[in-house]
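The values are calculated or read from the model by the stated rules, or taken from the named source; none is laboratory data. Because the structure is a prediction, the values reported are computed rather than measured. When we count neighbours, we look across all protein chains shown, and the Cβ atoms used for this are built from the backbone with ideal geometry, even at glycine. With ligands, DNA and RNA removed, areas are computed over all heavy atoms of the protein, side chains included. Shrake-Rupley method; radii C 1.70, N 1.55, O 1.52, S 1.80 Å.
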Amino acid sequence: MVAGPPDRLSWFVAMLVVGFIAAVGRPQAIGPIQVSASGIIQIAAIPLLGPVGAALVASLPVLVDRNEALKRVFNVSQRVLYVTAGSLAYTLSGGQVLAPHPEDLPLGALAAQMAVAALTAAVVNSFLLAGVLQISSDGSLRVIVTTLLRQVLASYASYALAAYVLVILWAPAGMGWASTVFFLPSLFVIHWGLQQYAVEWATRHQMLRPFVLALDQRHPGAAEEARLAAGAATAIATSLALTPQAIDEITTAAQIRDVGKLALDGAPEAIVRRDHAAATRTVLGSITFLEEPLLLVAAHHERVDGQGGPHGLGGDQIPLGARVVAVADLWARVVGEGSDRATAVGRCEELAGTALDAACVAALRRSLERDQLPAVEAS
């Protein structure tokens, strides 16, 4: 077998190099979620290098990225905190810093200890991210933490499995730093897979753009109004601390809410106004990933007082996403007619509790105060 030099500095340098290589593949955005392969290296460094070495491997690559200085400082602090917490959990669960060719190492126990480290790191990371989101959105910290944990735990479970394989090759199998030669191709494959999934996600949403542009040809200004509505819907849903999947569905629904007008071209205005939400399914119903957004579009002209359509639903009978889209729709329309953002929020507040959901309108007001609503683009 190929063994690495016994000097631990060589282990640290090798892990740091792999960490930098992993950092080159920047996190992939899949909707509002970013996923990176760097977490694998961070978890593997805990049993191989100990808490200090693991914290350095996790944080040093961040110092040379292209983010602004304040964001780099936050990212470094974040990584040091959750990796240190993971290292402490690893130690408390009986884990030890591994030596080359460790004798009688119980691999099952090592797997459990690394799982505890990964779980702890995931929880601490979730709370750190939740604190930032809570400050920016004024949403419920409990809801935000719960939502983040569902996303982060899944990522860290895969990180722990891949890290365990790397650690086994590195120490018990006696390959040392040479194990990175075998692991790097896997790292590139993982990053490539994440990149392909992110591209697929972006492509699915880019498919909707031609429909909005076609609507803009028939109804000038529709594309800008769709952008405003989508931005407002994102801000409102984020302020309500909804899940990333729900935010994505609501944003999509706001973007395509008027596309049904394409199927009603030439119909009387009253018919267009009444039927365009339902007609959106006629235009886009064959696109499978739009099933939930289309349900929200169909209900976004319902009113909380039960006087809307098409079914006369009221209050909580209306899906929350549809209530968000209704507020975003009115706000975007008022802004599109020439009012400023604050005036448009005031218009929505006049209808809170009757046509519009009061909690969604309050979230719109918070978004305005935090400058999270989109601005009108110069034509």
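Among residues of the range 80-91 that are more than 20 Å from residue 157 (Cβ to Cβ), those with a beta-carbon under 7 Å from a residue that is among the hydroxyl-bearing types (Ser, Thr, Tyr) and buried (at least 19 other Cβ atoms within 10 Å of the Cβ) at least six positions away or on a different chain give the pairs 80/59.
For the range 242-260, the tally of residues that are open to solvent by 10 Å² or more (accessible area, probe 1.4 Å) and either assigned to a helix (DSSP H, G or I) or at pLDDT below 80 (or both) stands at 9.
Does residue 82 fit the bill of being among the aromatic types (Phe, Trp, Tyr), closer than 14 Å to residue 39 by Cα and assigned to a helix (DSSP H, G or I)? Yes, satisfied. Within the range 348-359, not a single residue is at pLDDT below 90 and farther than 16 Å from residue 236 by Cα.
You will find that of 47, 5, 27, the residue that is more than 28 Å from residue 247 (Cα to Cα) and at pLDDT below 75 is 5 and no other. Inside the range 261-379, counting only helices (runs of 4 or more DSSP H) that do not spill past its ends, which hold 2 or more residues that are exposed (fewer than 14 other Cβ atoms within 10 Å of the Cβ)? Correct list: 269-284, 341-350. Of all residues in the range 94-113, those satisfying the criterion of being part of a helix (DSSP H, G or I), touching a residue at least 60 places away in the same chain (Cβ under 8 Å) and surrounded by 14 or more Cβ atoms within 10 Å (Cβ to Cβ) are 110, 113. Restricting attention to the range 207-230, the residues that are open to solvent by 70 Å² or more (accessible area, probe 1.4 Å), free of Cβ contacts under 8 Å to residues at least 40 places away in the same chain and more than 27 Å from the chain's Cα centre (by Cα) add up to 2.
Looking at residue 49, is it free of Cβ contacts under 8 Å to residues at least 60 places away in the same chain, open to solvent by less than 60 Å² (accessible area, probe 1.4 Å) and not basic (Lys, Arg)? So residue 49 fits the description; yes.
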